[in-house]
Amino acid sequence: MSDRHVFPELFAMADDVRPDGGHPDGTGVISHHALHEMTRRGEIYAPLVPFDTDQIQPASIDLRLARRAWRVRASFLPGKDHTVEQRIETLGGTKIDLRQDAVFESGVVYVVELLERTRLANGLWGIANPKSSTGRLDVLARLITDGGTHFDIVRRGYDGPLYVEVAPQAFSIVVREGLRLNQLRFVRGTAPGVPVGTVGGLAEMYKAGKLVKPDGALLPMRGPHVPVSIDLRGAGPESIVGYRAKKTTDTIDMGLIGHYDPREFWDKIQDVDGRLPLDEGEFYILATREEVGVPPEFAAEMVPFDTSSGEFRVHYAGFFDPGFGYHEGRAQGSKAVLEVRSFGVSFMLEHGQTVGWLNYSRLAGGAPGKLYGTQMRSNYQGQGVKLAKHFKPWPA
């Protein structure tokens, strides 16, 4: 099923993409310098707490939890005639004060007001994703807005508060005001993936190794989408290919880095001889066979769910900043970690099977002032199959 069929409202935002494949000046994903300008002009602002100095990333801005949260009985979208808080009241939401530590239980849905608000102008709209560390803990974190009819979308001209729906799946988590679970990027005039798909040079960049470093022959592109496959062979003497979440009542504090013994929360997956059954409802951390690279003038996003590949979700976070896995003009040394959950039925994965598709989008105004990796403290540059930053290295 194509992205155009699943997300028609996004493609409707791409009306100013020229049919000859050109890229109009100023359109695309907003990068680091322009994000700073947006904060200066008040297009994104935090009325109660100043922005943190490291909050703005190469092509996105981290969003912070505010103090007001609610436990609700079901996930929801407010709809165009209602605010988020009206829907929370209808659902009988229980208030939670995040000025103190709060446990968000697995299997329960919460809504948290964010410190940031938007007052969008100049044709801008926004699209959000969970941060990588949030996704690797099997936590759904989806942006919602007043009058919203889609998750993770801030419509053009939106002037109002932002909220995040938080639904831990495998583990209960501890949260508080100021923590960052999701991120927001802004786009002018085009839907992510659309303009790049019409640019004739994308296939040439792929063939030249500028987008992925393959392990074997290149897989065929599907239109503008760059394929990635699963690694079920692993590397090194232990041949670790991933991790499977354990059933546990222990909690994970989202603010602690390098704190937890991974053996308390995960089982290693190794020596699977190139085949791995995904048990329905279980959560896995796996990795691509290819090493992924994002050139400095691009951002990338992985399609989270493609039923033509199987009944499983392959990614929760899925956004790759400019410079991810990139070095000296080529993709080099960073696999895409996959956050995998099978739905409805169990599914057998085979080594080298295509499991995901990357959409590349140009940045408005070219490369940003800083890149993912060496220019910032990036947790996942140069990664193999890697757990979230909250865990210590696996003991030898």
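Here is a list of conditions, (1) closer than 15 Å to Asp62 by Cα; (2) not in a strand (DSSP E or B), and Val164 meets all of them except one; can you say which number that is?
(2)
Can we say Arg87 is more than 30 Å from Phe324 (Cβ to Cβ) and part of a helix (DSSP H, G or I)?
Yes: the conditions hold for Arg87.
Working carefully through the options Lys247, Lys268, find the one that is part of a strand (DSSP E or B) and charged (D, E, K, R).
Lys268
Residues Ala128, Ala121: which one is small (Gly, Ala, Ser) and part of a loop (DSSP other than H, G, I, E, B)?
Selected residue: Ala121, the only one of Ala128, Ala121 that is small (Gly, Ala, Ser) and part of a loop (DSSP other than H, G, I, E, B).
Taking region 320-346 as the region of interest, how many residues are of a type outside the set (Val, Ile, Thr), surrounded by fewer than 24 Cβ atoms within 10 Å (Cβ to Cβ) and farther than 20 Å from Ala208 by Cα?
Residues flagged as of a type outside the set (Val, Ile, Thr), surrounded by fewer than 24 Cβ atoms within 10 Å (Cβ to Cβ) and farther than 20 Å from Ala208 by Cα within region 320-346 amount to 5.
Just to check your reading of the model, which residue among Thr53, Thr90, Thr39, Thr134 is more than 30 Å from Pro368 (Cα to Cα) and of a type in the set (Val, Ile, Thr)?
Only one candidate passes the filter, namely Thr90.
Hey, any hits in region 284-292 for a residue that's outside the structural domain of Ser60 (by TED's automatic domain parsing) and either part of a loop (DSSP other than H, G, I, E, B) or surrounded by fewer than 21 Cβ atoms within 10 Å (Cβ to Cβ) (or both)? Write out each step before concluding.
The initial filter retains those residues of region 284-292 that are outside the structural domain of Ser60 (by TED's automatic domain parsing), namely 284-292.
Subsequent filtering for residues that are either part of a loop (DSSP other than H, G, I, E, B) or surrounded by fewer than 21 Cβ atoms within 10 Å (Cβ to Cβ) (or both) retains none.
No: zero hits.
Regarding Ala121, is this residue farther than 20 Å from Ala74 by Cβ, of a type in the set (A, V, I, L, M, F, W, C), surrounded by fewer than 20 Cβ atoms within 10 Å (Cβ to Cβ) and touching a residue at least 12 places away in the same chain (Cβ under 8 Å)? Walk me through how you get there before you give the answer.
Details: farther than 20 Å from Ala74 by Cβ: yes; of a type in the set (A, V, I, L, M, F, W, C): yes; surrounded by fewer than 20 Cβ atoms within 10 Å (Cβ to Cβ): yes; touching a residue at least 12 places away in the same chain (Cβ under 8 Å): yes.
Answer is yes for this residue.
Check Asp279, Asp261, Asp267 and return the single one that is modelled with pLDDT of 85 or more, exposed (fewer than 15 other Cβ atoms within 10 Å of the Cβ), more than 24 Å from Ala396 (Cα to Cα) and more than 14 Å from the chain's Cα centre (by Cα).
Testing whether each residue is modelled with pLDDT of 85 or more, exposed (fewer than 15 other Cβ atoms within 10 Å of the Cβ), more than 24 Å from Ala396 (Cα to Cα) and more than 14 Å from the chain's Cα centre (by Cα) leaves just Asp279.
Looking at Arg117, Arg68, can you tell me which residue is over 21 Å from the mean Cα position of the chain (by Cα), modelled with pLDDT of 95 or more and of a type outside the set (A, V, I, L, M, F, W, C)?
Step by step, each of Arg117, Arg68 is checked, and only Arg68 is over 21 Å from the mean Cα position of the chain (by Cα), modelled with pLDDT of 95 or more and of a type outside the set (A, V, I, L, M, F, W, C).
Scan region 96-118 for residues that are among the hydrophobic types (A, V, I, L, M, F, W, C) and not in a strand (DSSP E or B) and report the count. Spell out how you get there, then give the answer.
The first filter runs over region 96-118 and keeps only residues among the hydrophobic types (A, V, I, L, M, F, W, C), leaving 96, 98, 102-104, 108-109, 111-112, 114-115.
Pick out the ones that are also not in a strand (DSSP E or B) and you get 98, 108.
Going through region 96-118 one residue at a time, the tally reaches 2.
How many residues does region 308-359 contain that are under 23 Å from Met205 (Cβ atoms), of a type outside the set (S, T, N, Q) and touching a His at 6+ places or on another chain (Cβ under 9 Å)?
Looking only at that region, the number is 8.
Just to verify a result, which residue in region 42-65, among those that are touching a residue at least 40 places away in the same chain (Cβ under 8 Å) and over 21 Å from the mean Cα position of the chain (by Cα), is surrounded by the most Cβ atoms within 10 Å (Cβ to Cβ)?
Glu43
Among the residues of region 180-190, are any part of a loop (DSSP other than H, G, I, E, B) and modelled with pLDDT under 95?
The answer is yes, given that some residue of region 180-190 is part of a loop (DSSP other than H, G, I, E, B) and modelled with pLDDT under 95.
Here are Leu179, Leu162, Leu77: which of them is surrounded by fewer than 23 Cβ atoms within 10 Å (Cβ to Cβ) and farther than 30 Å from Glu280 by Cβ?
Selected residue: Leu179, the only one of Leu179, Leu162, Leu77 that is surrounded by fewer than 23 Cβ atoms within 10 Å (Cβ to Cβ) and farther than 30 Å from Glu280 by Cβ.
Which condition from (1) under 16 Å from Arg142 (Cβ atoms); (2) of a type outside the set (Asp, Glu); (3) outside any strand (DSSP E or B) is the one that Trp70 breaks?
(3)
The values are calculated or read from the model by the stated rules, or taken from the named source; none is laboratory data. Since this is a predicted model, take the numbers as computed values, not measurements. Neighbour counts are summed over all protein chains in view; Cβ atoms, including those assigned to glycine, are modelled from backbone coordinates with ideal geometry.
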